[in-house]
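First up is the structure itself, then whatever we jot down about it.
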Amino acid sequence: QVQLVESGGGLVEPGGSLRLSCAASGFVLNYYVIGWFRQAPGKEREGVSCISSTDDSTKYADAAKGRFTISRDNAKNTVYLQMNSLKPEDTAVYYCATDLTHSGYRCDDETSFDVWGQGTQVTVSS
């Protein structure tokens, strides 16, 4: 079965770091775009980062640039989001997603994320 499972969330103090994992099963994620999204209470879901298929080119939301790094480990069929210098406004449920209808897409392509993980909670608080 096609599935994405996020892990690595938790409680961290401002300025701390956290690494989220997105483990894929049922497909080889190397051939697909993977995006990280987040949704805070009372706010709409927003894109955080994206990694392309094939060439692993990346994109970041302005709020994530310089602090977050997305990467892919093909041997583990897993995508990571390394989050440094965390701020309280980073508090949200973080989701990974992929577009299985468009093999070979890059982040600059029009992407329809049709497979989502269950989410992992990230709380940044002192």
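The values are calculated or read from the model by the stated rules, or taken from the named source; none is laboratory data. If you're wondering where the values come from, they're calculated on a predicted model, not measured in any experiment. Here the Cβ positions follow ideal geometry from the backbone for every residue, glycine too, while neighbour counts run over all protein chains shown. SASA here: full protein model, heavy atoms, side chains in, ligands and nucleic acids out. Shrake-Rupley method; radii C 1.70, N 1.55, O 1.52, S 1.80 Å.
Specify which of the listed residues (G26, G8, G42, G66) is on the phi > 0 side of the Ramachandran plot and surrounded by 14 or more Cβ atoms within 10 Å (Cβ to Cβ).
None of the other options fit; the residue is G8.
When the stretch 45-59 is examined, which residues are found to be in a strand (DSSP E or B), of a type outside the set (A, V, I, L, M, F, W, C) and surrounded by 16 or more Cβ atoms within 10 Å (Cβ to Cβ)?
Selection gives G47, S49, T58, K59.
The conditions are (1) more than 19 Å from A24 (Cβ to Cβ); (2) aromatic (F, W, Y); (3) open to solvent by 20 Å² or more (accessible area, probe 1.4 Å), and W116 fails exactly one of them. Which is it?
In the conditions (1) more than 19 Å from A24 (Cβ to Cβ); (2) aromatic (F, W, Y); (3) open to solvent by 20 Å² or more (accessible area, probe 1.4 Å), W116 misses (1) alone.
Can you tell me which of (1) in contact (Cβ under 8 Å) with a residue 60 or more places away in the chain; (2) closer than 17 Å to A61 by Cα; (3) among the polar types (S, T, N, Q) is the one T91 doesn't meet?
Looking at each condition in turn, T91 falls short on (1).
Which of the residues belonging to the stretch 40-64 are without any contact (Cβ under 8 Å) to a residue 40 or more places away in the chain, polar (S, T, N, Q) and out of contact with any Lys or Arg (no Cβ under 7 Å at 6 or more places or on another chain)?
none
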